[in-house]
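Chemist: Okay, here's the structure, questions in a sec.
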There are 4 protein chains.
Amino acid sequence: MTVSDFSAIAADIHKAVAAQGFMQLVGAKLDSLAPGEAVLILDRRPEVLQHNGFFHGGVIAFLIDNGSTIAAGTMFDRTRMTLTAEYKLNFLAPASGSRLICRAKVLKPGRTLTVVEAKAYCLIEGEEKLVAAALATIASAERPKAA
Amino acid sequence: MTVSDFSAIAADIHKAVAAQGFMQLVGAKLDSLAPGEAVLILDRRPEVLQHNGFFHGGVIAFLIDNGSTIAAGTMFDRTRMTLTAEYKLNFLAPASGSRLICRAKVLKPGRTLTVVEAKAYCLIEGEEKLVAAALATIASAERPKAA
Amino acid sequence: MTVSDFSAIAADIHKAVAAQGFMQLVGAKLDSLAPGEAVLILDRRPEVLQHNGFFHGGVIAFLIDNGSTIAAGTMFDRTRMTLTAEYKLNFLAPASGSRLICRAKVLKPGRTLTVVEAKAYCLIEGEEKLVAAALATIASAERPKAA
Amino acid sequence: MTVSDFSAIAADIHKAVAAQGFMQLVGAKLDSLAPGEAVLILDRRPEVLQHNGFFHGGVIAFLIDNGSTIAAGTMFDRTRMTLTAEYKLNFLAPASGSRLICRAKVLKPGRTLTVVEAKAYCLIEGEEKLVAAALATIASAERPKAA
């Protein structure tokens with residue numbers, strides 16, 4: 001993949017992410033993209049917490065799921081689209097702190113199935129603490145042609 | 001467990017769910033509770049969709065996660081609290097339709113670990129279609145005494 | 001799928017299973033096959049136990065894995081082959097008893113990905129006890145032509 | 001944990017592994033142990049292969065399962081025992097080569113739940129190739145007192 005190929009892929013991904021209603025609702029941002037890698041961030045606010053004041057597990061899952069799909073999506077040009085087939089997520093510690101960060105990285109690329117490792121960290125007084133780990137399978141298929 | 005025991009448990013669960021900021025943000029509702037079982041529902045609206053107009057995977061995960069924890073929570077009185085340790089989720093079909101329904105059921109209760117099966121369905125023209133399946137491990141621990 | 005189609009598929013599966021060195025080593029048997037379903041059994045003997053006298057977790061995983069792939073394989077004719085992409089397995093109870101039984105059932109068939117639910121039971125004094133539950137993703141691809 | 005504490009733990013683990021009938025049947029060896037880490041190896045032979053000549057998925061799962069439990073077990077003294085609660089395993093590539101190697105590492109230790117990452121590699125002409133990745137939850141409980 002050349003740098004200009006990846007720029008086009010990255011531009012497409014940014015556009016798709018900006019069009020997701022749920023991404024806007026949650027308030028998560030795509031922080032960085034590289035071939036096989038994506039970083040999403042979400043700043044703390046009351047609406048994304050559970051009843052004990054930690055980031056809600058569903059919010060962590062959302063970042064993990066989206067981050068994994070986006071990381072896999074960096075491996076493909078615009079003729080293919082990616083879909084989360086499945087993932088498994090372990091919650092490791094209460095997600096406190098001011099910011100939630102999801103780092104997703106392709107472990108094994110593949111034409112139809114891409115396997116991604118994703119981890120979620122909380123930023124607590126300037127230090128990152130691991131709060132969740134996931135292993136995801138992302139399916140890729142030819143994008144239907146627009147009419 | 002007697003019926004009055006379960007009523008107290010159910011009342012506690014309804015109160016905890018009502019206090020979740022993220023549950024309110026997403027707009028999901030706890031539809032029904034029984035010993036070992038919980039049903040959550042979420043009606044379609046733009047904010048819970050992804051860019052192709054389907055319910056967002058993160059929303060489905062949130063319902064599965066919350067439904068599994070709630071189903072496990074029905075097995076314990078107020079001296080114990082439940083936490084999602086981990087889950088695995090397969091997406092089976094695009095989540096279209098007017099309503100998302102999550103049915104979670106305890107497969108194996110246990111004092112420290114409860115295993116729950118959860119499925120998500122979409123209501124499409126009056127028929128339920130299976131869109132996701134999950135297997136979750138919910139941890140239970142003694143609730144810290146309030147000061 | 002007609003009955004004669006399925007007979008040909010079943011015959012192919014029985015042949016492939018018989019050729020697996022590990023299946024022979026473990027001593028597991030393919031007990032029954034139906035479209036979307038497979039049952040494997042393994043009788044107790046010292047070599048398949050762990051150090052406390054229960055069926056070894058690795059043996060249970062092997063039956064779950066093989067059973068899931070075989071159940072998915074019933075959905076395809078001989079032009080396609082199936083491979084386990086991933087699975088998640090919860091151990092629910094110690095696997096005692098005289099026989100281990102794995103029942104695998106297709107939850108969602110698909111041309112490239114088939115999702116299978118599998119459960120393992122122990123036969124204890126004539127009664128089946130659930131000891132493990134799994135959710136598996138089986139990939140299917142065109143079988144390479146023989147030269 | 002002091003070095004002498006860990007030596008006692010390591011000796012206990014070696015003894016328990018040597019007593020596993022299935023470990024002997026498969027022919028796997030515990031290659032190395034460190035606090036939070038375990039390495040298992042298995043050399044190629046016909047009985048551990050599937051019908052295409054690759055290491056059988058069930059064999060890989062067995063190494064992953066055992067390696068994860070052993071890695072978690074390094075965190076506890078002999079008053080506690082460890083049990084695999086669940087794991088999720090992705091198969092990434094056909095497992096060819098002369099040797100299968102499983103490296104398991106504790107991601108998050110805990111008194112009742114320890115989360116472990118495990119990877120399986122094949123040794124092919126002197127180079128290691130990643131063939132499987134897993135995320136496991138290992139439960140720990142007080143060991144029943146011997147009579």
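Bear in mind that the values in this text are calculations on the coordinates, not laboratory data. Only a predicted model underlies this, so the values are computations on that prediction, with no experimental measurement involved. Neighbour counts run over all protein chains shown; Cβ positions are idealised from the backbone, glycine included.
Chemist: Under 1.5 on a/c is rounded, so check that first for the protein assembly as shown, then, if it is not, pick prolate when a/b is larger than b/c and oblate when it is not; a ≥ b ≥ c are the square roots of the alpha carbon gyration tensor eigenvalues.
Modeler: It is rounded, given that a/c, with a ≥ b ≥ c, falls under 1.5.
Chemist: Show me, for the range C:120-132, the HN-Hα J-couplings you get by feeding each phi into the Karplus relation (A = 6.51, B = -1.76, C = 1.60, θ = phi - 60°), rounded to Hz, glycine and proline as x.
Modeler: Listing the rounded values in order: 10, 10, 10, 8, 10, 6, x, 10, 8, 10, 5, 10, 7 Hz.
Chemist: Could you state the number of Å between the C-alpha centres of the range A:1-68 and the range B:104-147?
Modeler: Here the answer is 25 Å between Cα centres.
Chemist: Tell me which residues come under 5 Å, amide H to amide H, from C:Thr74 once H is placed; ignore anything under 5 positions away on its chain.
Modeler: Residues meeting the criterion, in which the H sits 1.01 Å from N, are C:Gly36.
Chemist: Also, quick follow-up: For the rotation that superimposes chain D on chain A, which residue of D has the C-beta lying nearest to the axis, and at what distance in Å?
Modeler: Output: D:Lys88, 2.
Chemist: Could you work out the relative contact order of the range D:1-130, using alpha carbon pairs under 8 angstrom and six or more residues apart, expressed as a whole percent? Please report the intermediate quantities before stating the final value.
Modeler: Working: 217 pairs, mean separation 31.0, N = 130.
Relative contact order, the range D:1-130: 24 percent.
Chemist: In debye, nearest 20: dipole of the range B:3-142 around its Cα centre with unit charges on the Cβ of K, R (+) and D, E (-)? Show your work: numbers first, answer last.
Modeler: Working: 14 positive and 14 negative charges, 23 e Å.
Magnitude of the dipole: close to 100 debye.
Chemist: While we're looking at this one, here's another question. Taking the label point 7 Å from Cα in the Cβ direction, how far apart in nm is C:Pro46 from each other copy of itself, listed shortest first?
Modeler: Inter-copy label distances (nm, one decimal, shortest first): 2.5, 6.7, 7.1.
Chemist: Which distances, shortest first and in nm, link B:Leu130 to the matching position in the other copies, using label points set 7 Å out along Cα to C-beta?
Modeler: 1.5, 3.2, 3.4
Chemist: Is the range C:1-45 best put as rounded, prolate or oblate by its Cα gyration tensor, with a ≥ b ≥ c the root eigenvalues, rounded for a/c under 1.5, and otherwise prolate when a/b is larger than b/c, oblate when not?
Modeler: It comes out oblate by the Cα gyration axes.
Chemist: Hey, another quick one. Taking the Cα atoms only, what angle lies between the long axis of helix C:57-73 and the longest principal axis of chain C, rounded to 10 degrees?
Modeler: Its long axis makes an angle of about 20 degrees.
Chemist: Might you report the magnitude of the Cβ-based charge dipole of the protein assembly as shown about its Cα centre, with Lys and Arg at +1 and Asp and Glu at -1, to the nearest 20 debye?
Modeler: With only Lys, Arg, Asp and Glu charged at Cβ, the dipole is about 0 debye.
Chemist: If you put a point 7 Å past Cα along the Cβ direction, how far is that point for D:Leu83 from the same point in each other copy, in nm, smallest first?
Modeler: 2.0, 3.6, 3.9
Chemist: Relative to the first principal axis of the alpha-carbon coordinates of chain C, what is the inclination of helix C:3-18, with its axis defined by its Cα atoms, in degrees from 0 to 90 and to the nearest 10?
Modeler: Here the helix axis deviates by roughly 50 degrees.
Chemist: To continue, here is another question. Dipole magnitude of the range D:76-146 about its Cα centre, charges +1 at Lys/Arg Cβ and -1 at Asp/Glu Cβ only, in debye to the nearest 20? Working shown, then result.
Modeler: On the way: 12 positive and 7 negative charges, 75 e Å.
With Lys and Arg at +1 and Asp and Glu at -1, about 360 debye.
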